[in-house]
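**Q** I'd like to ask you about the structure that follows.
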Amino acid sequence: MNVNTLSATPMAFYQPSRARIWDYAVMAGGEWRTRFGGQTLVQLREEFPDMTLISSDIALVCENEQFRSPWVEITESRYIDQLEVLPPVDWCRSTAGESFKSMEMYGGDVTTIFARRAGRFFECRDLHTLTHAAIVESLTTTFFAGDSMNTGH
């Protein structure tokens with residue numbers, strides 16, 4: 001192992017007009033290039049003028065944003081249907097309510113999240129990494145801001 005090798009920030013070619021990661025970048029010949037085809041940013045911009053080169057972390061945040069959607073109230077029937085159609089992921093219950101996530105990603109790191117609280121049912125699309133406590137907090141802020149229910153978290 002060469003101890004003098006610098007570890008660079010992972011980079012990605014991101015196209016804002018389509019809100020998508022075009023490809024992850026690799027350093028080759030002193031320039032960032034696409035993994036497939038070895039194109040540089042200058043070459044990509046000939047076909048895609050808005051192409052950018054940004055950190056992979058920022059690119060993923062930008063890409064995920066297009067798939068997210070706010071909480072909406074749904075019927076109990078929709079909630080039960082989604083609970084039974086595929087095995088739920090991260091199914092949690094607490095005194096503040098119940099939540100689970102779809103095992104299918106909607107896009108990027110975003111999945112559909114379902115929640116039940118106080119006899120009402122909700123869904124949104126958000127990051128699959130959200131904890132039950134974060135889901136309950138988001139739901140509380142959106143629909144139950146005036147309540148003083150102790151979430152137990």
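**Q** Out of curiosity, is residue 77 under 17 Å from residue 128 (Cβ atoms), assigned by TED's automatic domain parsing to the domain that holds residue 128 and either modelled with pLDDT of 95 or more or surrounded by 13 or more Cβ atoms within 10 Å (Cβ to Cβ) (or both)?
**A** Working: under 17 Å from residue 128 (Cβ atoms): no; assigned by TED's automatic domain parsing to the domain that holds residue 128: yes; either modelled with pLDDT of 95 or more or surrounded by 13 or more Cβ atoms within 10 Å (Cβ to Cβ) (or both): yes.
For residue 77, the condition - under 17 Å from residue 128 (Cβ atoms), assigned by TED's automatic domain parsing to the domain that holds residue 128 and either modelled with pLDDT of 95 or more or surrounded by 13 or more Cβ atoms within 10 Å (Cβ to Cβ) (or both) - is not met.
**Q** Within region 85-115, take every residue that is more than 17 Å from the chain's Cα centre (by Cα) and in a loop (DSSP other than H, G, I, E, B) and give me the one that is surrounded by the most Cβ atoms within 10 Å (Cβ to Cβ).
**A** Per the criteria, the residue is 96.
**Q** On to the next question. Exactly one of these conditions fails for residue 70: (1) closer than 28 Å to residue 24 by Cβ; (2) touching a residue at least 12 places away in the same chain (Cβ under 8 Å). Give me its number.
**A** (1)
**Q** How many residues are part of a strand (DSSP E or B) and under 17 Å from the mean Cα position of the chain (by Cα) if we restrict to region 68-84?
**A** Total meeting the criteria: 3.
**Q** Now for a different question. Residue under question is residue 25, and the condition is that it be assigned to a helix (DSSP H, G or I) and not assigned by TED's automatic domain parsing to the domain that holds residue 137; does it hold?
**A** In short, no.
**Q** Among the residues of region 56-66, is any of a type in the set (Gly, Ala, Ser), in contact with a strand residue (DSSP E or B) (Cβ under 6 Å, 6 or more places away or on another chain) and in a helix (DSSP H, G or I)?
**A** yes
**Q** Report, ordered by the first and then the second residue, all pairs with beta carbons closer than 6 Å, sequence separation of six or more or different chains, a first member in region 79-106 that is polar (S, T, N, Q), and a second member that is surrounded by 16 or more Cβ atoms within 10 Å (Cβ to Cβ) and assigned to a strand (DSSP E or B).
**A** Listed pairs, sorted by first residue: 82/114; 99/92; 99/115; 102/111; 102/112.
The values are calculated or read from the model by the stated rules, or taken from the named source; none is laboratory data. Computed from a predicted model, the values in this text were never measured in an experiment. Neighbour counts run over all protein chains shown; Cβ positions are idealised from the backbone, glycine included.
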